[in-house]
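Take a look at the structure set out below.
The values are calculated or read from the model by the stated rules, or taken from the named source; none is laboratory data. Everything numeric here is computed off the predicted structure, so don't read it as measured data. Neighbour counts run over all protein chains shown; Cβ positions are idealised from the backbone, glycine included.
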Amino acid sequence: MREGRKDICLLLRSLAAEAQPQKQQSANAAALLLDDIVVIRGNYEEEDVPHVLLNKAYTPNARVYTTLMKGYMNAGRVDDVVAMLRAMQREGETTPASRPDHVTYTTVISALVAAGDMDRARAVLDDMAADGVPANRVTYNVLLKGYCHQLQITKARDLFQEMTTKQQSMIEPDVVTYNTLMDGCVLTDDSAGALAVFNEMRSRGIAPSTASYTTLMKAFIMSGQPKVAHKVFDEMERDPRVRVDRPAWNMLVEGYCRLGLLDTAKQVVEQMRERGVRPDVATYGSLVKAVAAARKPGEALLLWNEVKERCPEADEELLEALADVCVRAAFFKKALEIVACMEEKGIAPNKTKYKKMYIEMHSRMFTSKHASQARQDRRRERKRAAEAFKFWLGLPNSYYGTDTDWRIDD
């Protein structure tokens, strides 16, 4: 903070402390508050002259305070956000423009929800009602999201009932409200509950969004029902109000990969390409996990070739999964290609893990003395790749003492 300025929360706390015994001086104190904020006192050799940023002092209104609140919220200073609300409430008794409005209360609730303090967030909603400030749909949606992320689904449902039936509020839910409740059902592995929420939304005449369909698909996929998720996907394609996007396709691919239905997942990827949707990191990531679980390293080689050509944004998780499959299958040449790609992207491969994998799985691979000459010839290139991989790992190998590059040319 610049020299000469005071922290706004410290000023507000000071103002609140002085306001109790001297309520009649609150109006003057509000003007002095802004004077403290906008006046910077410089350190000069001859004299200390205040430099005013504004021509006169303006009483801060709710919008000014709320903007400051958002700054404290973004900095994670939740207690200061709440302290500012309390100061606004006290100042609002004499200065109506400073009274907190629905945006102010929603900001405070958002800060508390982000901090996981749902009890205090709920208490602020009650304060909001006590102060005669009606909560809107956004306020309730923020609280609902907090309860769902905290897996407090019962409280989320109770709040939803209050939102839609309480005579003082009677707020009509929107698609965001229902999507939030569906997401809570997904987090608690309640696919039936997610479907019930989806059907209730449509019964109210609220059109599902792309996120609605994708969330319902996720609910069935997480419960091991990819075929039901596929039916939801088909219904999504028939709905002219929504567009089937890449996350929806990826959700379908992941559902089949989770159950090891690799061939079906590959068929979905082909349909995805036919519709003009390019597979991305998430698509290939699901396929690699299915390949590893099915112990089909040959498929991993094909995937790696495709990733090299069509997925330049491949990330650490995808490349590491491909490298794991290749090391386990003793495809050292491809493993070296992948780790070289990782290093070019600035990703540090886990050498300790691969060293342990090599010692446990492949340290005796080329120690047989009874192999025929034909077999030895066939595995000569493979052994050369293994030596290069050991060189990269720092294990004893035939490259020590030479200037040979561990990367193997095609």
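For every residue, the table says whether it meets (1) more than 22 Å from the chain's Cα centre (by Cα); (2) surrounded by 18 or more Cβ atoms within 10 Å (Cβ to Cβ); (3) under 30 Å from LEU151 (Cβ atoms).
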{"position": "LYS70", "(1), (2), (3)": "no, no, yes"}
{"position": "MET73", "(1), (2), (3)": "no, yes, yes"}
{"position": "ARG77", "(1), (2), (3)": "no, no, yes"}
{"position": "SER98", "(1), (2), (3)": "yes, yes, no"}
{"position": "THR104", "(1), (2), (3)": "yes, yes, yes"}
{"position": "VAL108", "(1), (2), (3)": "no, yes, yes"}
{"position": "ALA111", "(1), (2), (3)": "no, yes, yes"}
{"position": "ALA115", "(1), (2), (3)": "no, no, yes"}
{"position": "MET118", "(1), (2), (3)": "no, yes, yes"}
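Could you run through the stretch 214-269 and say how many residues are of a type in the set (Val, Ile, Thr) and under 24 Å from LYS296 (Cβ atoms)? Spell out how you get there, then give the answer.
At the first step, the residues of the stretch 214-269 found to be of a type in the set (Val, Ile, Thr) are 214-215, 221, 228, 232, 242, 244, 253, 264, 268-269.
The next check asks that each one be under 24 Å from LYS296 (Cβ atoms); those that pass are 221, 253, 264, 268-269.
Total satisfying the criteria: 5.
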Would you confirm, using the coordinates I've provided, whether GLY184 is touching an Asp or Glu at 6+ places or on another chain (Cβ under 9 Å), farther than 27 Å from GLY132 by Cα and in a helix (DSSP H, G or I)? yes
Suppose we filter the stretch 151-174 for residues that are surrounded by 15 or more Cβ atoms within 10 Å (Cβ to Cβ) and within 25 Å of the chain's Cα centre (by Cα); how many remain? 9
Any chance the stretch 86-94 includes a residue that's without any contact (Cβ under 8 Å) to a residue 12 or more places away in the chain, outside the structural domain of CYS185 (by the TED database) and among the charged types (D, E, K, R)? no
Please go through the stretch 227-257 and give me each residue that is more than 18 Å from ASP280 (Cβ to Cβ) and in a helix (DSSP H, G or I), ordered by number. LYS227, VAL228, ALA229, HIS230, LYS231, VAL232, ASP234, GLU235, MET236, GLU237, ARG238
Find the residue count for the stretch 245-270, including only residues that are in contact with a Ser or Thr (Cβ under 8 Å, 6 or more places away or on another chain) and buried (at least 19 other Cβ atoms within 10 Å of the Cβ). 10
Please state which of the following conditions GLU344 fails to meet, knowing it meets all the rest: (1) at pLDDT below 90; (2) exposed (fewer than 13 other Cβ atoms within 10 Å of the Cβ); (3) over 28 Å from GLY276 (Cα atoms). (1)
